[in-house]
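This report refers to the structure that appears directly beneath it.
The values are calculated or read from the model by the stated rules, or taken from the named source; none is laboratory data. No experiment lies behind these values; they were computed from the predicted model shown. Note that we place each Cβ from the backbone using ideal geometry, even for glycine, and neighbour counts take in every protein chain shown. Note: areas computed on protein heavy atoms with side chains; ligands, DNA, RNA excluded. Shrake-Rupley method; radii C 1.70, N 1.55, O 1.52, S 1.80 Å.
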Amino acid sequence: MTPDLDPILTVTLNPALDLSARIDVLVAGPKLRLEAPVWEPGGGGVNVARAIRELGGSARAWVALAGASGAQHLALMEREGLAVHVFDAPGETRATWAITDAQGQQFRLQLPGPDWSAELGPAALADIVAQARGLVVLSGSQPPGLSASFVQDLARTLGAGRLVVDTSGAALRRLVEYPATDAQPFLLRLDQAESEGLAGQALSALGDSLAFALALVARGVAETVCLARGAEGSVLAGRDGTAWHCRPPEVRVASKVGAGDSFTGAFVLALARRAPLHEALQLGTAAAAAAVMTEGTALCRNSDVQRLVPQCVLHALAS
């Protein structure tokens, strides 16, 4: 197996204790009893680190944890063998729920997370930079109170070619609406709903996604932009004119939770092993496809990823 050449630090500003459980029918009114509950450590960067470990790589997880729920979260991470750096956050670490009924419908509920004071943002940025030795992956939402400029501040401080971003909300909107040439992430990943929300229109065709990705790169939002298209895979565009599409094979869908984090983990692991962008895209696509095959909040399985990689079809696109 190719060794990791660049160390990876994943960053989770708003982690969550993830509960997955089953129920016969989710209806309003009566008490509903959940079955087969499973607690897992969650949050974007945490799941990226878990996916990297599952795929045979290594990453250190920087996580803002708080209170008794944060202690439980840390214990779950350490039980999985993850290397963790804890940043002390206020209040209590939030929880999320993924409840699946007998018909296979999944209901996903999320709390916002604890409020951060104005002083915590600069302290967190300094702590992340102090821990970073190579690639940095900032994945997941931001806690309430954290400045929307945090992503760009981190990109500017780290320097070019180091930051991978998969975020949402106000931080994502600021990154896209107010690009800064001295604060470009190396890679920005968006799911389809985020892409269409930012584009202000449906991206119905593959060419629509490519055009939007190229426009974001041209405006200086990020050096490389990757847009997910659900079962159609992902489109990638780079500053050097690189443009690729990778389509996964058809797989049985058990749960869509974790597909994006599995993609990001596999993609960044390939980068850490100095693979070219199109190979990183192919590995990420296989990991996302493998993740939807697993139940609840489970991520990709390495055996599935390796089996699916040759079935993920790459196409160079004209930019």
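With respect to being assigned to a helix (DSSP H, G or I), among the basic types (Lys, Arg) and in contact with a helix residue (DSSP H, G or I) (Cβ under 8 Å, 6 or more places away or on another chain), residue 173 fits the description.
Take the residues in the stretch 1-14 that are at pLDDT 90 or above and in a loop (DSSP other than H, G, I, E, B), then tell me which one is surrounded by the fewest Cβ atoms within 10 Å (Cβ to Cβ).
Only one residue tops the list, namely 7.
Residue 262 falls short on exactly one of the conditions (1) closer than 30 Å to residue 22 by Cβ; (2) among the polar types (S, T, N, Q); (3) open to solvent by 20 Å² or more (accessible area, probe 1.4 Å), and that condition is (3). Put simply, of 142, 152, 184 the only residue that is in contact with a Pro (Cβ under 9 Å, 6 or more places away or on another chain) and among the polar types (S, T, N, Q) is 152. Looking only at residues in the stretch 226-241 that are open to solvent by 30 Å² or more (accessible area, probe 1.4 Å) and in contact (Cβ under 8 Å) with a residue 12 or more places away in the chain, the one that is farthest from the chain's Cα centre (by Cα) is 241. Looking across the stretch 15-37, just one residue is in a loop (DSSP other than H, G, I, E, B) and within 24 Å of residue 139 (Cβ to Cβ), and that is 15. None of 162, 108 is over 28 Å from residue 219 (Cα atoms) and not hydroxyl-bearing (Ser, Thr, Tyr) except 108. Restricting attention to the stretch 283-319 and to residues that are open to solvent by 40 Å² or more (accessible area, probe 1.4 Å) and assigned to a helix (DSSP H, G or I), the residue that is nearest to residue 18 (Cα to Cα) turns out to be 303.
Annotation: of all residues in the stretch 90-116 being more than 21 Å from the chain's Cα centre (by Cα) and not polar (S, T, N, Q), the one that is modelled with the lowest pLDDT is 104. The residues of the stretch 209-225 that are open to solvent by 60 Å² or more (accessible area, probe 1.4 Å) and among the charged types (D, E, K, R) amount to a single one, 219.
Checking each residue in the stretch 123-139 for being more than 14 Å from residue 86 (Cβ to Cβ), surrounded by fewer than 20 Cβ atoms within 10 Å (Cβ to Cβ) and among the hydrophobic types (A, V, I, L, M, F, W, C) picks out 125, 126, 129.
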